[in-house]
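The values are calculated or read from the model by the stated rules, or taken from the named source; none is laboratory data. Since the model is a prediction, treat every value here as computed from it, not as a measurement. Here Cβ is always computed from backbone atoms with ideal geometry, including for glycine, and neighbour counts include all displayed protein chains. Just so you know, the surface numbers come from the protein's heavy atoms only, side chains and all, with ligands and any DNA or RNA stripped out. Shrake-Rupley method; radii C 1.70, N 1.55, O 1.52, S 1.80 Å.
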Amino acid sequence: MEQETYLAHTISQTSDHPAYDAACKKVLADKQILAWILRSCTVEFQNCSITDIAEHYIEGMPDIAATGVCPDDSGPNIHGASHEDNTLHEGTIYYDIRFSALAPGSHQPIPLILNIEAQNDYYPGYPLIKRAVYYGARLISSQYGTEFQNSNYQSIKKACSIWICTNVPKDRQNSINRYALQEQHLAGNATEEPLNYDLINITMIGLSETPPPEEGNVLNLLSVLLLQKGNAAQKKQILQNDFQIAMTTTLEQEVDHMCNLSEGIERRGIEKGIKKGIKKGRSEATETTALEMLRDKMDMNLIMKYTKLS
């Protein structure tokens, strides 16, 4: 069963929320969308084409809400759907999208384990960046027993945790911040190969309904998908024309489903607001009538009978 995570700020807390959340994750997990995110957020892929990343470097099919953020290092943790974390007081927590990729640029491709998280609440009661670092650290420590055994630390894969934040303060809108380990020479000039310590990257993406004017960047792409209004046909046309994303049958269906759910939630939210307003208006009118009847010294029992007030 997929767990609820926070996504687009247009989502209200309704029974449709988990369904919309799951639909958004399926769209984001499309290899073409992931390729755009990787090229914009990682050093390894910044000089690669979207086609090469999608077709040659992303391994297998991404896991969607299938791998848990496990707090227990006592066994194999990185693979499978049975590993979960109850430490954040949010119920069982799963990585939104987890997948592996082979980075180019060396004689031997560098394996990476990547996690994409979609987050609506930027201030959930703790600094979100700390949670992102925790997720990245879990991607590292969970490799024990699966990617490496005993003291074979040379087999540790680099971990990247990328967070797409849709409801951010103004100073973080249209921003991409990356956090990584760096070597500092405090004394002497000894150097280490970055390959041996550059093992964790955290990237925070802050979106806005009004993305930057430059066309063809990942902020525009994610804003179109998750924030901007528009029906499925309009969004698919933008994906094709502005980002050269091929509308496969699967992706087309997923975009349709996501947009239909979004429109339904928005429509029901408007209807709920209207009904609430009408109810409030009627209540205020009834109370006003009761006060006028009291001023005219009418019998209390009659007032209660006709206004239905206690």
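Here are a few things to note about the model shown:
- Among (1) small (Gly, Ala, Ser); (2) surrounded by fewer than 16 Cβ atoms within 10 Å (Cβ to Cβ); (3) at pLDDT 80 or above - the single one Ser208 does not satisfy: (2)
- Residue in segment 186-204 that is open to solvent by 60 Å² or more (accessible area, probe 1.4 Å), among the hydroxyl-bearing types (Ser, Thr, Tyr) and farther than 22 Å from Ser142 by Cα present: yes
- Checking Glu192, Glu271, Glu215, Glu263 one by one, the residue that is at pLDDT 85 or above and of a type in the set (Asp, Glu) is Glu192 and no other.
- Selection count, segment 60-109, where residues are hydroxyl-bearing (Ser, Thr, Tyr), open to solvent by 20 Å² or more (accessible area, probe 1.4 Å) and modelled with pLDDT of 55 or more: 4
- Scanning segment 144-154 for residues that are at pLDDT 90 or above and within 26 Å of Leu34 (Cα to Cα) yields a total of 0.
- Selection within segment 158-175 - surrounded by fewer than 18 Cβ atoms within 10 Å (Cβ to Cβ), of a type outside the set (S, T, N, Q) and either touching a residue at least 12 places away in the same chain (Cβ under 8 Å) or touching a Pro at 6+ places or on another chain (Cβ under 9 Å) (or both): Pro169, Arg172
- Residue match in segment 118-125 (condition: more than 17 Å from the chain's Cα centre (by Cα), modelled with pLDDT of 85 or more and loosely packed, with under 14 Cβ neighbours inside 10 Å): yes
- Hits in segment 274-310 (condition: closer than 30 Å to Ala23 by Cα and either surrounded by 12 or more Cβ atoms within 10 Å (Cβ to Cβ) or at pLDDT 50 or above (or both)): Lys276
- Residue under evaluation Leu112, criteria (1) among the aliphatic types (A, V, I, L, M); (2) open to solvent by less than 50 Å² (accessible area, probe 1.4 Å); (3) in a strand (DSSP E or B); (4) modelled with pLDDT of 90 or more, criterion not met: (4)
- Test: residue in segment 129-142 that is open to solvent by 80 Å² or more (accessible area, probe 1.4 Å) and either touching a helix residue (DSSP H, G or I) at 6+ places or on another chain (Cβ under 9 Å) or under 21 Å from Arg39 (Cα atoms) (or both): no
- Single condition Asn150 does not satisfy, out of (1) at positive phi; (2) assigned to a helix (DSSP H, G or I): (2)
- In segment 228-242, residue surrounded by the most Cβ atoms within 10 Å (Cβ to Cβ) [restricted to those that are closer than 17 Å to Gln32 by Cα and within 22 Å of the chain's Cα centre (by Cα)]: Leu239
- When Ser40, Ser12 are checked against the criterion of being touching a helix residue (DSSP H, G or I) at 6+ places or on another chain (Cβ under 6 Å), of a type in the set (Gly, Ala, Ser), at pLDDT 90 or above and open to solvent by 10 Å² or more (accessible area, probe 1.4 Å), a single residue qualifies: Ser40.
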